[in-house]
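Visitor: Below is one structure. I have some questions about it.
The values are calculated or read from the model by the stated rules, or taken from the named source; none is laboratory data. All values derive from a computational prediction rather than experimental measurement. Heads up, the Cβs are rebuilt from the backbone with ideal geometry, glycines too, and the neighbour counts pull from every protein chain shown.
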Amino acid sequence: MRRMLWSLGLLALSAGCAWAQLGRSWTPGAAGAGALVQQAQPWSTAASTDAQGVRITQYVNDQGIVFAVSWDGPVKPDLQQLLGPYFVQLRGGTGAVAMSHGQDLVVYSSGSMPHFSGYAYLKSQTPGGFQFPH
């Protein structure tokens, strides 16, 4: 039984991560998507951990759109995967802290081996009352 549980855990970690991209519809049951947790606020969250140990949280508005993502782990996540079409707007530093404020996209990323964290959100899709620490 213990071996079976360990194998299932490995299978879950090795499954391809297909998080919904920023600004796109959240898809229940997508690999790596995590369960959607309803909040008292006008948004929900879905959190999971990728194969590299990065905890990724997606924030979903009432229209089912991923308006924000956050990450925390030993390596930087695949920002191109998380930001989707907004990745090309990413402007940032090359040091330990990178911040980008575009017309709609806001990104904050910091860290060094072995700990990285950050977040990105779309101003136009963010529900009232939502904010990350600045």
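Visitor: Of the residues Ala12, Ala31, Ala20, which is within 20 Å of Thr126 (Cα to Cα), small (Gly, Ala, Ser) and either at pLDDT below 65 or buried (at least 19 other Cβ atoms within 10 Å of the Cβ) (or both)? Spell out how you get there, then give the answer.
Guide: Numbers: Ala12 fails: within 20 Å of Thr126 (Cα to Cα); Ala31 fails: within 20 Å of Thr126 (Cα to Cα).
Selected residue: Ala20, the only one of Ala12, Ala31, Ala20 that is within 20 Å of Thr126 (Cα to Cα), small (Gly, Ala, Ser) and either at pLDDT below 65 or buried (at least 19 other Cβ atoms within 10 Å of the Cβ) (or both).
Visitor: Shifting gears a bit: Filter segment 86-109 down to residues that are touching a Gly at 6+ places or on another chain (Cβ under 6 Å) and among the small types (Gly, Ala, Ser) and give me whichever is modelled with the lowest pLDDT.
Guide: If we take residues in segment 86-109 being touching a Gly at 6+ places or on another chain (Cβ under 6 Å) and among the small types (Gly, Ala, Ser), then Ala98 is modelled with the lowest pLDDT.
Visitor: Next question, about the same structure. Can Val60 be described as outside any strand (DSSP E or B) and at pLDDT 90 or above?
Guide: Values: outside any strand (DSSP E or B): no; at pLDDT 90 or above: yes.
Taking the combined requirement at face value, the residue does not satisfy it.
Visitor: A follow-up question, please. Select from segment 37-57 the residues that are buried (at least 18 other Cβ atoms within 10 Å of the Cβ) and at pLDDT 90 or above and list them in ascending order.
Guide: Val54, Ile56
Visitor: Residues that are modelled with pLDDT of 80 or more, part of a loop (DSSP other than H, G, I, E, B), of a type in the set (Asp, Glu) and closer than 17 Å to Gln125 by Cα: does segment 68-85 have at least one?
Guide: Kept after step one, since they are modelled with pLDDT of 80 or more, are these residues of segment 68-85: 68-85.
Next, only the ones that are part of a loop (DSSP other than H, G, I, E, B) stay: 74-78.
Among the residues that remain, those that are also of a type in the set (Asp, Glu) are: 78.
Cutting the leftovers down to closer than 17 Å to Gln125 by Cα gives us none.
There is no residue in segment 68-85 that is modelled with pLDDT of 80 or more, part of a loop (DSSP other than H, G, I, E, B), of a type in the set (Asp, Glu) and closer than 17 Å to Gln125 by Cα.
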